[in-house]
1. Using Cα pairs under 8 angstrom and six or more residues apart, how large is the relative contact order of segment 141-180, in percent?
2. Can you work out ³J(HN,Hα) from phi for every residue in segment 74-89, in order, using Karplus 6.51 cos²θ - 1.76 cosθ + 1.60 and θ = phi - 60°, giving whole Hz and x for Gly and Pro?
3. Counting only residues 5 or more places away or on other chains, whose amide H sits under 5 Å from the amide H of residue 88 once H atoms are built in the peptide plane?
4. Using 0.36 nm times the number of residues separating residue 12 and residue 147, minus their current alpha carbon distance, what extension gain do you get?
5. Tell me, what ³J(HN,Hα) does each residue in segment 246-254 have, in order and in whole Hz, if you take phi through Karplus 6.51 cos²θ - 1.76 cosθ + 1.60 with θ = phi - 60° and put x for Gly and Pro?
6. Run the numbers for residue 88 and residue 115: contour at 0.36 nm per residue of separation, minus the present Cα-Cα distance, in nm.
7. Using a 10 Å cut-off around each Cβ, can you sort 102, 319 from fewest to most neighbouring Cβ atoms?
8. Could you give each residue of segment 233-245 its phi-based ³J(HN,Hα) in whole Hz, using Karplus coefficients 6.51, -1.76, 1.60 with θ = phi - 60°, and x for Gly or Pro?
Amino acid sequence: MAIIYTYPVKTDPVAADKILISDSEDNNKTKSVTIEDIRSSTVSGVSSIVAGSNVSISPGSGTGDVTVNATAYTGGDGIDITAYAVSADLKANSGLVIDATELSLDLSASAISGTLGVKDGGTGASTFTAGFLKADGVNAFTTISQINLSTDVTDGLGVANGGTGATTLTGVLVGNGTSAITGSGDINDLVSASFSTASGGSLYFGNIPSAAPSTGSNVLVGSDSGDNMTSSSGDNTIVGSGSVTALTSGGANVVIGTQAGTVLQVGSENTIVGRRANVVAQGDNHVVAVGSGATATLDSTAIGADSSSLRDGVAIGYESNAGRDGIAIGSGAEALANTISIASATHSLTLDATSRTADTFLPININGNQYYIQLYVA
């Protein structure tokens, strides 16, 4: 084999040129390969260098050193470039900030320009006058000085905010705690109230006796009034807290006053008016007792505060008192059975004895004419 330096030198080899090698995998036998075989099969390398965008390569071909030239970048609007670092050029108080190396939005910034539209969650306006904000769906919010409940309100105001919680109501209003108020057809939905629309229906307010009839034309108004009324009670008008608490089967009674008629149980056709005015017996009928604390018994009349009358008697006046078949007229007058008493020692009646004889006369005006009844002192 010839010595290598005795061969001529080729200064610009090409891929097809051959080179002698000693094959290490075949007992170092002398073999030939091309330069292209060495580049593609045994050695990894770059076959060519191609210039990309904004890059130039010199020289583009041939031999020698390769120089890569990159085009210098400059920052555009809102971008800063320092050396190889690119950053955002943020306007002070514009809303964009760097928060822990990341871009963030600060809505409290003072130099944010423009307005956020309604479709993006804003109001679409930059200023507002004093009043209430009004929106119409997509356009910018406006302000109004007052709310028109006919045109500006579509939903009901809740109970917790002072409203009814309902948009329409019919009938009697019934509350239900914090839930919406409801409207019912009649007063039967009220607490402790009942009314029958049937012929002769009864009306109850404040107390509904457990055995009270729906008919019978009864009217009850007042807490605990008529507690024991049954279906045998009819045509009663009872008004007053705690009045007529013992009545079971009486009818056609008119009782008005707090705790009035509490003795009455089976009596009928009584008229009792006044606080604690009453009958004497539970079965009294045809009694007229008018005045605070007035009491009367069967077929008698007592008119005046604390007046009283026994059977068939008549007592008229404050603290007047009539016995059976007696008549007592005047404040404090007292008439025994079958007697007539006019006035009293403490509330006396002035008698006329001047225009007649020395006898005492009681003047009485009848049909516009003056008459005198001669009186004798016992």
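1. Relative contact order here is 29 percent.
2. Running phi through 6.51 cos²θ - 1.76 cosθ + 1.60 with θ = phi - 60° gives 10, x, x, 4, x, 10, 10, 10, 10, 6, 9, 9, 9, 9, 7, 8 Hz.
3. 80
4. Once the chain is fully extended between residue 12 and residue 147, it gains 39.0 nm.
5. Working through the residues one at a time gives 9, 5, 10, 9, x, x, 6, 9, 10 Hz.
6. Values: separation 27, 0.36 × 27 = 9.72 nm, distance 2.27 nm.
Here the segment from residue 88 to residue 115 would lengthen by 7.4 nm.
7. Ordered from fewest to most neighbouring Cβ atoms within 10 Å, 102, 319 come out as 102, 319.
8. 8, x, 6, 9, 10, 10, 10, x, 5, x, 8, 6, 6
Values in this text are rule-based calculations from the coordinates and carry no lab data. All values derive from a computational prediction rather than experimental measurement. Here the Cβ is made from the backbone with ideal geometry for all residues, glycine too, and neighbour counts use every protein chain on show.
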